[in-house]
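Everything on this sheet refers to the single structure shown next.
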Amino acid sequence: MSSNTVSYYKKRKTCLKNRKMQLIQLQNSLIHRINLKLIFLSMRYFSPLLLIVFVFSFSSCFKNNENGCEAVAPETEAGKMKYFCDTAGIKYSQLPNGLFYEIMTAGSGASPSLESRVTVTYTGALLTGYVFDKSTAPVTFNLNGLIGGWKAGLPLIKKGGRIKLVIPSYLGYGCTAMPGLPANSVLYFDISLTDVQ
């Protein structure tokens with residue numbers, strides 16, 4: 001073989017190597033561009049989905065407790081509370097905190113304060129009429145240890161008085177569920193205050 005032929009094959013081999021390198025670079029560039037387009041397309045079409053997943057996965061950080069319950073704003077319960085009062089014949093007044101009440105008997109003597117021990121008979125029910133708690137015999141409690149609806153409502157009457165309370169869930173048991181008492185339940189209480197100490 002002549003030196004020209006060898007030189008020709010070497011040049012051709014080098015040229016083919018260069019072409020192969022260029023093709024590989026072009027192929028990598030195309031793959032990169034295709035991948036970028038796929039990423040942008042997936043972001044365009046899947047980013048709302050990813051945003052939704054993100055929001056739901058982190059929304060548990062804003063829950064009030066481990067069972068996933070969220071507190072309900074009293075304004076959202078006002079409609080069903082009004083309907084209940086109208087249906088039950090309760091001529092209610094409303095406190096700024098969302099508590100509905102009707103004083104049946106004002107009573108006389110001392111009104112309870114948060115530091116008072118109160119002796120009461122009562123019936124506690126859901127708006128469905130389901131009675132979840134009842135005491136026909138007088139029982140004594142520290143008013144400060146009771147739910148917010150009682151703390152706000154009982155000072156409106158005096159010893160010997162009787163009051164009906166329709167309590168928004170946040171002034172009741174809130175996210176605490178008990179057997180027969182779902183979380184975020186609006187509560188109805190009919191309370192007779194027999195003694196204040």
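The values are calculated or read from the model by the stated rules, or taken from the named source; none is laboratory data. Bear in mind the structure is a predicted one, so any value in this text is a computation, not a measurement. Using ideal geometry, Cβ is built from the backbone for each residue, glycine included, and neighbour counts are taken over all protein chains shown.
For the stretch 109-129, enumerate the residues that are within 18 Å of LEU171 (Cα to Cα) and in contact with an Asp or Glu (Cβ under 9 Å, 6 or more places away or on another chain).
Matches in the stretch 109-129: TYR122, THR123, GLY124, ALA125.
Just to be sure I understand the filter: pairs with C-beta atoms under 9 Å, separated by 6 or more residues or on different chains, first member in the stretch 79-92 and more than 18 Å from SER185 (Cα to Cα), second member modelled with pLDDT under 95. Which pairs pass?
So the pair list comes out empty.
Among GLY180, GLY160, GLY148, GLY124, which is the only one that is in contact with a helix residue (DSSP H, G or I) (Cβ under 9 Å, 6 or more places away or on another chain) and not basic (Lys, Arg)?
GLY148
Out of GLY89, GLY98, which single residue is touching a helix residue (DSSP H, G or I) at 6+ places or on another chain (Cβ under 8 Å) and on the phi > 0 side of the Ramachandran plot?
On the way: GLY89 fails: touching a helix residue (DSSP H, G or I) at 6+ places or on another chain (Cβ under 8 Å).
The unique qualifying residue is GLY98.
When you look at SER59, is it under 30 Å from PRO168 (Cα atoms), at pLDDT below 60 and in a helix (DSSP H, G or I), yes or no?
yes
When you look at TYR122, is it within 21 Å of GLU75 (Cα to Cα) and within 31 Å of the chain's Cα centre (by Cα), yes or no? Reasoning before the result, please.
Working: within 21 Å of GLU75 (Cα to Cα): no; within 31 Å of the chain's Cα centre (by Cα): yes.
So TYR122 fails the test.
Taking the stretch 140-197 as the search range and keeping residues that are among the polar types (S, T, N, Q) and farther than 23 Å from THR119 by Cβ, which one is modelled with the lowest pLDDT?
Among those that are among the polar types (S, T, N, Q) and farther than 23 Å from THR119 by Cβ, it is THR176.
Surrounded by 13 or more Cβ atoms within 10 Å (Cβ to Cβ), at pLDDT 95 or above and in a strand (DSSP E or B): is that true of ILE90 in this structure?
The answer is no for ILE90.
Out of the strands (runs of 3 or more DSSP E) lying entirely within the stretch 122-197, which hold 2 or more residues that are surrounded by fewer than 16 Cβ atoms within 10 Å (Cβ to Cβ), assigned by TED's automatic domain parsing to the domain that holds TYR83 and of a type in the set (Gly, Ala, Ser)?
Once the strands (runs of 3 or more DSSP E) in the stretch 122-197 are filtered for at least 2 residues that are surrounded by fewer than 16 Cβ atoms within 10 Å (Cβ to Cβ), assigned by TED's automatic domain parsing to the domain that holds TYR83 and of a type in the set (Gly, Ala, Ser), what remains is 131-142.
Given the criteria of a type outside the set (Lys, Arg), within 29 Å of THR87 (Cβ to Cβ) and out of contact with any Pro (no Cβ under 9 Å at 6 or more places or on another chain), does THR140 qualify?
no
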